[in-house]
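Here is the structure we will look at, set down as structure tokens.
Every read-out reported here was derived from the displayed coordinates using simple, explicitly stated rules and does not represent laboratory data. Not measured: the values here are computed from a predicted model. FYI the Cβ positions are ideal-geometry reconstructions off the backbone, even for glycines, and counts take in every protein chain you see.
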Amino acid sequence: MTNKKIYGETIISFLSSLLLSSFLIIYTVEYKMNVEALQMEQHILESSYRIHEDISKKLYKTKALAALVIQGDGVVDNFQQIAAVITADEPAIANVLLAPGGIVTDVYPIEESRAVLGLNFFDESFVGNREAILARDTGELVMAGPFIALQGFWRLLGRYPVYIDTETEKNKFWGLVSVALNFPQALENTGISMLEHHGFSYDLWRINPDTGEQQIIARAGKYHDINASYVERVVKIHNAEWYFRIFPLRLWYEHSETWILIIACFCISVLIAFLFQHNIELKVLKNDLLIANNFLKNETAAKELELTENKIAIMLTQIQPHFLFNALSAIAMLCDEDSAKAKKTIADFSLYLRNNMDSLNDKKLISVEKELNHVKGYLELEKAIYGDSLNVVYYIEAGGFLLPPLTIQPITENAVKHGIGKKEGGGTVTLSVRENDHEFFIIISDDGAGYDTESLYQDERKRIGIENVRRRLKEQCGGTLEITSEAGKGTTAVITIPKAIL
């Protein structure tokens, strides 16, 4: 057994297509990352605004408490009942309290928060005393936390200073009112929990004012990977600064679509190299056949040689680089949009190439069903390229007869490329198989651009392809091929095969 020769052109075609595929993969990954970056920018703007607005709305309950204190000249009667009404619409509120002079005297609900009674907010040993002092000194609402409160739960606190008029002094500091929020339940209405649904994770962190260290106060999904891109924004809530960071849940190589694209591009590179290898082998075979023809004396053998040459000529005219690269581009796009359809298209492409190669071994007539399967595979590839611009209709009303291989496919290719491909908005290719008492008819028609039939003979490649089909039909089965076309209306090709010959 001799080793099969691998031509240099085959290696070059493989490396070239692999390089092109690499650029395509890089472009696709970069495009996806740019889209992710834009989505992260949008989500972080929306979520930052919601965090600020929702937490501020809850903390503003302190102003309602302050109004009650001022209205009662420092005394709030029926505090438990009033506090219950104030907090009824905010389930994230853990408690509200009054602290005249900074010392807690009233808290709601009393059962869960009795431990804070008597607590001095200005005591240096108390966590959060910095914010209490800041509220007193600035006269503004101040947020503290989150930290673990006396009850053992994470709390986010709002401190609001209250000033009242007395008989002896205007705007006298009365004390503090406070609202405590359960954390991270206070973030439930901000919508950040939906980020994972969109494929993103987040970290919410701050610089702890007591320790000066970074403190993660909320997190979803996985830890931030140092290799992942992210978007970060400062969220200012009153006196506090929180840092909100959003990053993808998965890196580019963790997406199944990326690996499907890589595998598909590699397979297509192999297929293209295979195609080039066989294309060269076909040319070598054609040259050998031409040399051998000089020594053939038998007329039947000469005809068989001519038929083989005709099939090779048709295949050489069919296998065009633009069709291969169009198919490659369509498959690459499908890998990103519809991986299942991309797999099917790769299978169709492989079957199309194999059927083209197998036709060289078909020295006799083949069944119309086998030829139609090849045509359908080809049309599926073209539909992947043209999309909705190409519509295909089949009317298969007869079968069970024989015809030369590569008879219908070249005519169908002309209908797609020179008919539908040149018509703005696309169109329909119709393939019909019919019969009467004496003949079988294969009709390939399109409603495409059409053309002047005289111009057909000015295109060398189309003329050779059609004449080869016509000659093989006549010599192998007594068939005929007739083509009619009208510019702007479409083209119809009719293959007629007599039953008597078969």
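Assorted remarks:
- For Lys63, Lys236, order by how many other beta-carbon atoms lie within 10 Å, fewest first: Lys236, Lys63
- Taking label positions 7 Å along the Cα-Cβ direction at both Ser22 and Lys283, the computed distance is 2.6 nm, reported to one decimal.
- Packing-based order for 247-258, 467-478, using average beta carbon neighbours within 10 Å, highest first: 467-478, 247-258
- Gyration tensor verdict on segment 141-229 (Cα atoms; rounded if a/c is under 1.5, prolate if a/b is larger than b/c, oblate otherwise): prolate
- When only alpha carbons of segment 60-187 are considered, Rg and Dmax amount to 13.7, 44 Å.
- Computed FRET value (nearest 0.05) for Glu9 with Glu435, which takes r as the C-beta separation and R₀ as 35 Å: 0.15
- Pair Thr480, Ile291: separation of 7 Å Cα→Cβ label points (nm): 4.2
- Across segment 101-109, rounded Karplus estimates of 3J(HN,Hα) from the backbone phi angles (6.51 cos²θ - 1.76 cosθ + 1.60, θ = phi - 60°) give x, x, 10, 5, 10, 9, 9, 10, x Hz, Gly and Pro being marked x.
- Environment charge of Ser113, counting only residues whose C-beta is closer than 13 Å and scoring Lys/Arg +1, Asp/Glu -1: -1
- For segment 372-459, GluC sites (Glu not before Pro) are listed when DSSP marks them as loop and at most 11 other Cβ atoms sit within 10 Å of their Cβ; the list is Glu397, Glu424.
- Under the Karplus curve 6.51 cos²θ - 1.76 cosθ + 1.60, θ = phi - 60°, whole-Hz ³J(HN,Hα) for segment 387-395, x wherever Gly or Pro sits: x, 5, 6, 10, 10, 10, 10, 10, 10
- Pairs from the list Lys370/Lys474; Lys341/Lys364; Lys283/Lys370; Lys344/Lys417; Lys283/Lys417; Lys32/Lys283 with a Cα-Cα gap above 31 Å: Lys341/Lys364; Lys32/Lys283.
- Alpha-carbon centroid distance for the pair segment 40-57 / segment 203-277, whole angstrom: 20
- Other-chain or far-sequence residues with amide H under 5 Å of Gly102's (modelled H): Leu176
- Computed from phi, the 3J(HN,Hα) profile of segment 445-451 under the Karplus parametrisation 6.51, -1.76, 1.60 (θ = phi - 60°) reads 10, 9, 9, x, 6, x, 6 Hz, with x in place of Gly and Pro.
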